[in-house]
Amino acid sequence: MAGQDYKTDAPDASQVEKSPVEIRISSDGLYASLKVKKQLDLGRIYELLSAAGVIYGIDHQAVETALSLFNGEWVVAATGLPPQPGADARLEVYFAVERTVILPEDGLEKIDYRDKGAVPSTVSETLLTKKVPAVPGKPGKTVTGKEIPAPPVKDIFLRAGKNTYFSNDKLQVFSAVLGRPLLDRQGRHYTITVEPVFSLNSDVDLSSGHIRFQGDIIIKGKVTESMEVHSGRSVQVFGSVNGALIKAEGAVSVRGNVINSSMLAGTRQYFGFQLYPYLVGFESTLAEILSAYQQIKSAPGYEDARFGFILDILVEKKFYGFRGQIEKLSQAAAIDFPHDFSKDLIYAVSSLTNQLNEFKRLPYQELNNAVELLQTAATVKKLLSINSADKCDINALYCLNSRLVASGKVTIAGQGCFHTDITSYDSIEINGVARGGTIRARKNIRVNTVGSEAAVVTNVIVPQDQAVFINKAFENTIVTVGESSYKFSSQRSRVKICFNKDTGRIDLAVF
């Protein structure tokens with residue numbers, strides 16, 4: 001056969017028997033070619049093929065064609081079975097290895113070049129990788145009946161490293177904690193680990209980009225101007241924070257100065273504090289509406305009335321504030337938080353917002369829409385975590401022209417805070433000076449010095465059942481307890497300010 005490489009040691013029919021027949025076998029043993037120059041008996045040709053060792057893959061029609069031609073033309077009389085290659089073992093990876101930037105859909109001019117994408121993260125019990133075992137090949141066979149081995153396949157070796165675990169068959173690796181999944185490859189050896197902490201040894205700046213991570217974040221350097229840090233857990237900054245934004249579902253701690261910056265600890269709880277009252281009120285009203293609907297539905301003449309028709313009447317006649325509740329709840333839920341919360345909360349709040357927008361068309365509603373809306377509201381309430389005992393604190397040394405909000409306690413342990421607004425849903429303790437700005441807490445506030453000799457206005461606010469403790473209060477310090485306020489007209493020391501229920505006035509006492 002033209003173009004084939006043939007073995008030189010293959011028997012030649014003319015040597016076996018002085019016959020005008022030639023048989024050649026290719027060097028790989030997969031082809032046997034036959035050339036007949038004279039009319040012969042068909043059985044004799046098969047004898048000669050067998051004598052030449054050709055016993056597998058004989059093409060009987062080709063043999064007959066060669067015999068009918070007997071013009072010296074080569075015909076492939078037998079074809080072997082090529083070996084079937086297998087498949088090497090491979091690793092399927094289900095997490096992003098590198099940070100990925102998602103470009104805005106509305107044009108390149110809106111690209112934030114400080115945004116280099118979120119640090120890849122995973123939650124516990126998540127499938128990270130899967131080993132697909134090697135598949136052996138199938139051996140072939142030469143025309144002489146010899147087996148041709150299949151090409152060897154390559155295996156890989158998978159290891160479940162720190163904070164991960166194997167499936168029972170040792171083929172899948174799952175995360176054991178929330179954190180950053182990492183893949184280490186050494187040749188054909190793969191190790192999967194999960195780091196619960198993202199640690200940056202340099203500054204947060206243009207070179208690092210914004211830092212967004214679902215686990216704990218440690219910044220060994222500074223957070224520089226216009227940069228952002230978003231964490232699904234806690235944030236620790238060893239350096240200063242200047243002109244930046246820090247948001248964390250957990251606590252925030254800064255060892256350096258905080259200047260012209262905003263920090264929020266307990267993002268989920270804070271969002272819950274804003275949304276929860278509207279959610280509870282709406283849920284209660286809708287439950288009352290459904291109860292009233294059932295009563296009306298059982299009355300004569302209303303058995304076949306549509307839910308939307310009755311709903312519209314109830315809102316107009318009795319629950320006239322319901323439309324306003326829908327609107328206020330929609331506004332409270334419509335907060336831009338793509339980097340601050342987990343996917344479960346984002347999905348639940350998004351579903352709530354969409355259902356509320358649709359529910360505004362009251363006369364066209366079905367009963368199942370109202371029931372579904374109640375279920376979604378309950379899901380959002382559960383995810384908000386506002387009743388969690390793990391309140392999230394802020395700890396800093398010095399703050400200037402900044403805004404601090406915490407679901408837990410705020411502690412300023414150093415020089416103090418100047419022209420800074422602080423809101424705590426727990427208590428506030430300032431070991432130094434609070435000068436300018438507003439200090440607001442749901443529990444007691446303790447401050448060493450409030451205001452200044454220059455009579456800078458400083459506001460301190462607590463609920464009616466809480467108290468403010470000040471070592472030194474300067475003129476123009478304004479303390480509000482509940483609905484009542486007291487403005488210092490002169491310097492006072494070691495004073496406790498609280499509301500006296502018996503007199504209905506603010507009391508000042510030395511402590």
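The values are calculated or read from the model by the stated rules, or taken from the named source; none is laboratory data. The model shown is predicted, which means the values in this text are computed figures rather than measured ones. Reconstructed Cβ throughout: ideal geometry from the backbone, glycine too, with neighbour counts over all protein chains shown.
Has region 309-327 got at least one residue that is without any contact (Cβ under 8 Å) to a residue 24 or more places away in the chain and among the basic types (Lys, Arg)? Among the residues of region 309-327, at least one is without any contact (Cβ under 8 Å) to a residue 24 or more places away in the chain and among the basic types (Lys, Arg), which makes the answer yes. For beta carbons closer than 9 Å, sequence separation of 6+ or different chains, a first residue in region 64-86 that is in a loop (DSSP other than H, G, I, E, B) and a second that is of a type in the set (Ser, Thr, Tyr), the qualifying pairs are Gly80/Ser26; Gly80/Tyr31; Gly80/Tyr56; Gly80/Thr142; Gly80/Thr144.
Scan Leu314, Leu264 and give me the residue that is closer than 16 Å to Asp393 by Cα and either more than 40 Å from the chain's Cα centre (by Cα) or assigned to a strand (DSSP E or B) (or both). It would help to see each step written out before you state the result.
Working: Leu314 fails: closer than 16 Å to Asp393 by Cα.
Matching residue, one of Leu314, Leu264: Leu264.
Yes or no, residue by residue, for (1) at pLDDT below 90; (2) within 60 Å of the chain's Cα centre (by Cα); (3) assigned to a strand (DSSP E or B):
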residue	(1), (2), (3)
Gln4	yes, yes, no
Lys18	yes, no, no
Arg24	no, no, yes
Lys38	yes, no, no
Ser50	no, no, no
Gly53	no, no, no
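Within the option set Leu352, Leu367, being in the same structural domain as Ile326 (by TED's automatic domain parsing) and buried (at least 18 other Cβ atoms within 10 Å of the Cβ) holds for one residue only, Leu352.
With respect to the conditions (1) within 17 Å of the chain's Cα centre (by Cα); (2) assigned to a loop (DSSP other than H, G, I, E, B); (3) not assigned by TED's automatic domain parsing to the domain that holds Asn401; (4) not charged (D, E, K, R), Asn168 lacks only one, and its number is (1).
Can you spot a residue in region 142-160 that is charged (D, E, K, R), surrounded by fewer than 14 Cβ atoms within 10 Å (Cβ to Cβ) and under 19 Å from the mean Cα position of the chain (by Cα)? No, region 142-160 contains no residue that is charged (D, E, K, R), surrounded by fewer than 14 Cβ atoms within 10 Å (Cβ to Cβ) and under 19 Å from the mean Cα position of the chain (by Cα). Which residue pairs have Cβ atoms under 6 Å apart, sit 6 or more places apart or on different chains, and have a first residue in region 276-296 that is free of Cβ contacts under 8 Å to residues at least 12 places away in the same chain and in the same structural domain as Phe359 (by TED's automatic domain parsing) and a second that is crowded, with 18+ Cβ neighbours inside 10 Å and part of a helix (DSSP H, G or I)? Sorted first by the residue in region 276-296, then by its partner, the list stays empty.
None of Cys392, Cys417 is outside any helix (DSSP H, G or I), crowded, with 18+ Cβ neighbours inside 10 Å and either under 30 Å from the mean Cα position of the chain (by Cα) or not assigned by TED's automatic domain parsing to the domain that holds Ser253 (or both) except Cys392.
Residues in region 55-68 that are in contact with a strand residue (DSSP E or B) (Cβ under 7 Å, 6 or more places away or on another chain), surrounded by fewer than 19 Cβ atoms within 10 Å (Cβ to Cβ) and at pLDDT 90 or above were compared, and the one that is nearest to Asp28 (Cα to Cα) is Tyr56.
What are the residues in region 193-215 that are in contact with a Pro (Cβ under 7 Å, 6 or more places away or on another chain) and either surrounded by fewer than 18 Cβ atoms within 10 Å (Cβ to Cβ) or modelled with pLDDT of 95 or more (or both), if any? Walk me through how you get there before you give the answer.
Quick first cut of region 193-215, residues in contact with a Pro (Cβ under 7 Å, 6 or more places away or on another chain) only: 194, 215.
Residue satisfying the conditions is Val194 alone.
When restricted to residues that are among the aliphatic types (A, V, I, L, M), within 30 Å of Pro196 (Cα to Cα) and assigned to a strand (DSSP E or B), region 119-147 contains 3.
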